[in-house]
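**Student:** Okay, here's the structure, questions in a sec.
Values quoted throughout were computed directly from the atomic coordinates according to the rules given, and no laboratory measurement underlies them. Worth saying up front: this structure is predicted, and the values here are computed from it rather than measured. Positions of Cβ are generated from backbone atoms using ideal geometry, with glycine treated the same way; all protein chains shown enter the neighbour counts.
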Amino acid sequence: MAQHASTRPDTEALILGGEPTLEYQPLVDMTSGRLLGFEALLRWRHPEEGLILPSLLLPWLEANGDIVQLGEWVLAEGCHQATRWPENIQLAVNLSLVQLRRGVGSSAVVGAIERSGLEPGRLTVEFTEHALVEDVAMNDLRAIGALGVELAVDDVGTSWTSFDVLRRLEVNTVKIDRSFVGSLEPQQGINRLIVETVVSLAHSAGISTVAEGVETSQQASVVREFECDAAQGYFFAPPLSIAVATELANEPGFCFAYEGGGWSDHRFVVGAPEQPATHHPFTLGQSPA
């Protein structure tokens, strides 16, 4: 936000005066450069203040109980938009720990799939490692997996969850936390070791891997060297509006550039104006239509 804290409206005014939209972060195959899918990222915009940071938005939503309704909206909106993409393009959506603790994540997933008509196998639900130590959350995740939806653990490496737990839950993917990927420099031996170990353990358990927050060609080269399956981050593309993401998804045979022995140092150029997703209007305190 552009204003100083002393002149900034209070948090409640910022949230109630804004509205949600989604942006989409591409997921890239590290062998071919092929576009695999998009992660839906929540954005909250105030007409005067602009983008409201998640660090301000999410604690307020959790404290006021609106995170569950907003989580339902993200699922419904993302699934609706994903029906405009080819069948080989995946959608990833984050579920909050609050939804899983209440055991309502699975019902939100069912509702979003039924309303949109999206095939369950095209949806990946992401959640943090904290959900893996709570019985209600684990049961909710099992119900989601039973629908045929893919399961992905976010920010792996920060809590060192047992891979035996991931096997029993039949997790499909682990996402390596950006704090490790962002420090993949020659002198950062411990971070290289952590990334390499997570990839190795995941593959031994039959689980695919995604590197989060890849921003440089060196980071991309290292995670590819460690045989990480996929990656996402500003090196490939920033989060995109639904209009640009849909254009990219429907471009036949699109691949991010790869040259010789390493990924070319490039940025995806966004040429179209941002068009917020507005199919399902959302008001705090109400479930999505």
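**Student:** Considering amide H positions built from the backbone, and no H for Pro or chain starts, which residues 5 or more places from A237, or on another chain, come under 5 Å of its amide H?
**Tutor:** Result for A237 returns F268.
**Student:** Quick query: amide H of L51 versus all other amide H atoms, modeled in the peptide plane; which residues come in under 5 Å with a sequence gap of 5 or more or a different chain?
**Tutor:** H46
**Student:** Also: Would you kindly derive the ³J(HN,Hα) couplings of the range 128-134 from the backbone phi angles with the Karplus curve 6.51 cos²θ - 1.76 cosθ + 1.60 (θ = phi - 60°), listing them in order in whole Hz, with x for Gly and Pro?
**Tutor:** Computed from phi, the couplings for the range 128-134 are 8, 4, 4, 5, 7, 10, 10 Hz.
**Student:** Okay, moving on. Can you order the peptides 128-140, 74-86 by their average number of other Cβ atoms within 10 Å per residue, highest first?
**Tutor:** 74-86, 128-140
**Student:** So what are the ³J(HN,Hα) numbers for the range 97-110, from phi and the Karplus equation (6.51, -1.76, 1.60; θ = phi - 60°), rounded to whole Hz, Gly and Pro as x?
**Tutor:** Result, rounded to whole Hz: 4, 4, 4, 5, 4, 8, x, 10, x, 5, 5, 5, 5, 4.
**Student:** What number comes out for the charge environment of C255, summing +1 per Lys or Arg and -1 per Asp or Glu over other residues with Cβ under 11 Å away?
**Tutor:** Taking every other residue near C255 into account, the sum is -1.
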